[in-house]
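The structure appears below as structure tokens.
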Amino acid sequence: MSAVLQAARLDIVESVRARWFAIYALVFGGLIAILFIFGLTESRVMGFTGLSRMLLTYIQLTMAILPIFVLLSTVRSLVGDREAGVYEYMLSFPISLSGWFWGRFVGRFLVVFLPVFAAMLIALVVGLFMGAEEVPWRDFLWYSALLFSLSLCFLGISFFISALARTSDIAQSLAFVIWLALLLFLDLMLIGLLIQFQTPAEVVVGLALANPLEVFRIGAMMLFDPQLILLGPAAYMILDWFGNAGFMTYALLYPLALGLVLAGIGFWVFRRTDLP
Amino acid sequence: MIELRHLVKTFRRTRVLDDLSLTIADGDRIALIGSNGAGKTTMIRCILGEYVHEGTVLIDGLSPRDHRTRVLGKIAFVPQMPPPLRMPAGDLVEFAARVHDSDVATIRQVAARLGLDLEEVRRRPFLKLSGGQKQKLLIAIAMGHDASIFILDEPTANLDPAARQIVFDLLAERLDRTMIISSHRLEEVALLVNRVIELDRGRVVLDDKVEEAVDPSLRLDCEIVLRRPDEAFAKAIAEWGFASAEDGLTWRGEVAGPDRLRFLGMLARYSGIVRALELKERDAAACKEEQAHVQA
């Protein structure tokens, strides 16, 4: 446990000094600032006003930005460290490989999740001071949990890629392709499968629910639209299969499990290959 | 004891270590030499358990890959290239002290002997230190650990003569330990070691004992008289800490015993203007007394 904590601490110290982290924190802090500046807390869209509306917009923007940011920055820094000789030196210290790998995973998770979470929390606190009538604590907790799950999922994918790829060029390309595929399978490819190949709807919805981005999107949607009216006919199947509470549980646990399984495979590869 | 048995390491189709077998006994101080691509760094990484390979690597009967913490706890390592770590130098020292079960004060003392004030650089990112400072810090971390095996990959590459002398002194204080000192050039490390191993294309092509004739802590008093003052020479000799009388013709200073070949190599470039040269071994007892005085 001590090795995990030491490696985690080391990763946090390293990451917060990296340029990518400054940009990352700035992007999410900036997002919140922009949402305040443009008066989103006062706007009324589809019945949502105040902080609920702002949180919803923030979470949608986060879904677009967080995965690619986590993927690219993580694979670049992990594989880059290996290429630059950081692993050669740091892994000459008597620290177990599991402690090193999982410590870095924990450290990186905190570095990735906390700025997004903090930005959301600050928004609520600022909103409170600005005289918001009602603070949406329930939404805040659900969004935080969904973000936790999404961050961990993409971090797991990143650690998996980093263990497989030997150069940062390959790692970044792979990360980008995976992100693009997940993005395309949000809508475009699924519609294509339905129309062009007459794929059964169950398969298409099944594919959608294997996509952590889609799961996050539907989970976030379900919080303000429990009947998933915005989703269209697929909502019937999802609600039929899972029910409301069932799907929210799935939306939390599936990305979490996927991230941990992929990180686990990454560790398995890591400990069986050359370290530097 | 370090045992390498039929070690083979292949990168894609290139066989970097080719059925390498070697036994390094406790107390062996090895100069690991060979040209670029000979397999020195690969062999070191196998000993550190960082590469998967064919064959066997055992350190005191244990595999460094399977028993990482036990094996690496005995090893102090200085890499050829300082890693580009962003963390403050102080954090690196604290991390090393924690995992090595050593203490920061010892590392600070060694760093001070090398001319590096740890307090001054503590908050600076390791990456932003100069090449010499990084090297000194890595050496201080390694020497601050009570290791039984020292693996040093080109340890003095970025150091000035004065700092190199301190490194030689530090190594001289640990002559009972096992050392593997990798270098492109034998003359850099010849006087520190008792065995030379040369690698070529992943094989041992030379494995020889070296007579331990020179005390690594030995110093030589040197006086050089020139035919005429020379600006380039003045610059080069000043780096060795030499001082001249006002005329710039007579230069006096001291040279570390293990550094003598390197010094003569430098001097050879100016042989045309050297009228007289005297190199005289200083009394060993006086050297040790002086060293103790510096440490105090």
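Observations, loosely collected:
- Extreme residue, farthest from B:SER148 (Cα to Cα), among residues of segment B:47-86 that are open to solvent by 30 Å² or more (accessible area, probe 1.4 Å) and hydroxyl-bearing (Ser, Thr, Tyr): B:THR56
- Qualifying residue in segment B:250-260 (condition: under 17 Å from B:ALA162 (Cβ atoms), assigned to a helix (DSSP H, G or I), among the small types (Gly, Ala, Ser) and at pLDDT 85 or above): no
- Long-range neighbours under 6 Å by Cβ, at least six apart or interchain, first residue touching a residue at least 12 places away in the same chain (Cβ under 8 Å) within segment A:226-244, second assigned to a loop (DSSP other than H, G, I, E, B): A:ASN244/A:PRO226
- For first residues located in segment B:38-65 and closer than 20 Å to B:HIS184 by Cβ, partners that are part of a strand (DSSP E or B) and among the basic types (Lys, Arg) and lie 6+ apart or on another chain with Cβ distances below 7 Å form the pairs B:THR42/B:LYS9; B:CYS46/B:LYS9.
- If you go through segment A:74-112 and keep only what is away from chain B (no Cβ under 11 Å) and at pLDDT below 90, you end up with A:ARG76, A:LEU78.
- Note on segment B:87-126: residues that are at the interface with chain A (Cβ under 9 Å from one of its Cβ atoms), surrounded by fewer than 20 Cβ atoms within 10 Å (Cβ to Cβ) and of a type outside the set (Asp, Glu) total 3.
- Conditions (1) assigned to a helix (DSSP H, G or I); (2) free of Cβ contacts under 8 Å to residues at least 12 places away in the same chain; (3) closer than 28 Å to A:PHE101 by Cα: number failed by A:ASP274: (1)
- The listed residue being more than 21 Å from the chain's Cα centre (by Cα), surrounded by 20 or more Cβ atoms within 10 Å (Cβ to Cβ) and farther than 30 Å from A:ALA84 by Cα, out of A:ILE218, A:ILE238: A:ILE238
- In a residue-by-residue description of segment A:256-269, the property of being out of contact with any strand residue (DSSP E or B) (no Cβ under 8 Å at 6 or more places or on another chain) and within 14 Å of chain B (Cβ to nearest Cβ) applies to at least one position.
- Residues that are open to solvent by 50 Å² or more (accessible area, probe 1.4 Å), at pLDDT 90 or above and touching a Leu at 6+ places or on another chain (Cβ under 7 Å) do occur in segment B:187-198.
- Inspection of segment B:27-38 finds no residue satisfying the criterion of being within 14 Å of chain A (Cβ to nearest Cβ), assigned to a strand (DSSP E or B), in contact with a strand residue (DSSP E or B) (Cβ under 8 Å, 6 or more places away or on another chain) and of a type in the set (A, V, I, L, M, F, W, C).
- Of all the residues in segment B:89-108, those that are within 20 Å of B:ASN158 (Cα to Cα) and without any contact (Cβ under 8 Å) to a residue 40 or more places away in the chain number 2.
- Meets criteria (assigned to a loop (DSSP other than H, G, I, E, B), touching a His at 6+ places or on another chain (Cβ under 9 Å) and closer than 24 Å to B:CYS46 by Cα) for B:ASP66: no
- Test: residue in segment A:95-102 that is free of Cβ contacts under 8 Å to residues at least 12 places away in the same chain, open to solvent by 10 Å² or more (accessible area, probe 1.4 Å), of a type outside the set (D, E, K, R) and more than 20 Å from A:SER144 (Cβ to Cβ): no
- Selection within segment B:112-123 - out of contact with any strand residue (DSSP E or B) (no Cβ under 6 Å at 6 or more places or on another chain) and over 10 Å from B:ILE166 (Cα atoms): B:ALA112, B:LEU116, B:ASP117, B:LEU118, B:GLU119, B:GLU120, B:VAL121, B:ARG122
- Residue check, A:LEU231 under 30 Å from A:ILE95 (Cα atoms) and either more than 14 Å from chain B (Cβ to nearest Cβ) or of a type in the set (A, V, I, L, M, F, W, C) (or both): no
- Segment B:67-81, residues that are more than 8 Å from chain A (Cβ to nearest Cβ) and within 19 Å of A:LEU78 (Cα to Cα): none
- Listing of strands (runs of 3 or more DSSP E) fully contained in segment B:115-234 that carry 3 or more residues being among the basic types (Lys, Arg): none
The values are calculated or read from the model by the stated rules, or taken from the named source; none is laboratory data. Computed from a predicted structure; not experimentally measured. All Cβ positions, glycine included, derive from the backbone under ideal geometry; neighbour counts span all protein chains shown. Accessible surface is based on the protein model in full, side chains and every heavy atom, while ligands, DNA and RNA are left aside. Shrake-Rupley method; radii C 1.70, N 1.55, O 1.52, S 1.80 Å.
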